[in-house]
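Step one of this worksheet: look at the structure below.
Derivation of every value follows stated rules applied to the coordinates shown; laboratory data play no part. What you see is a predicted model, and the numbers here were worked out from it, not measured in a lab. Backbone-built Cβ (ideal geometry, glycine too); neighbour counts: all protein chains shown.
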C-alpha cells in the first residue's frame, strides 16, 4: 500500500504519474487525546481514513464494526483497562491478521522483543516523527487476510 500525499488542487496532472490513494484506514488507540488527535489530523490530511479511540473497550468495538476498512492499528502500550498487548489479543480474536504498530513512551513491563512477539510490525518510541507513521504503513502492506 502506498500512501501518497494529495497533489495541490492547482497542480496540473501528469498523465505519466499514477496518483495512488490509500485503500485502507488506521485505528488509533491512545488514552492521551493530544497524541491521538494529532495522529488523526495528520493521517486524514494525508488522505488516510482514520478512527481514534481512547481505550481498549472502544478499540474492540470500533474494530469489530469497521474491520473491513481498517488495515492498521496504532496502539499505545499503556492504556486504562486492558493494556496494548491485551487489546491486540482481543483484536486478533476478531481478525488474526490485524496489522499493529505499538506506540509508547514507556513500554514497561514489556520489552520491545516481547511486544513484537505479540504480532506487531513495529514499536514506535514516543515522541516520534509523524512521518515515521507513514513510513511504517508504507512498509507494512497488509495481506488480503488482514483486509478480509
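Look at 132, 104 and count the other Cβ atoms within 10 Å of each Cβ; fewest to most, that gives 132, 104. Legend: ranking of residues 111, 44, 87 from fewest to most surrounding C-beta atoms inside 10 Å; resulting order 111, 44, 87.
For 65, 108, 78, the sequence from fewest to most other C-beta atoms within 10 Å is 108, 65, 78.
The shape of region 25-147 comes out rounded: with a ≥ b ≥ c from the C-alpha gyration tensor, a/c is under 1.5.
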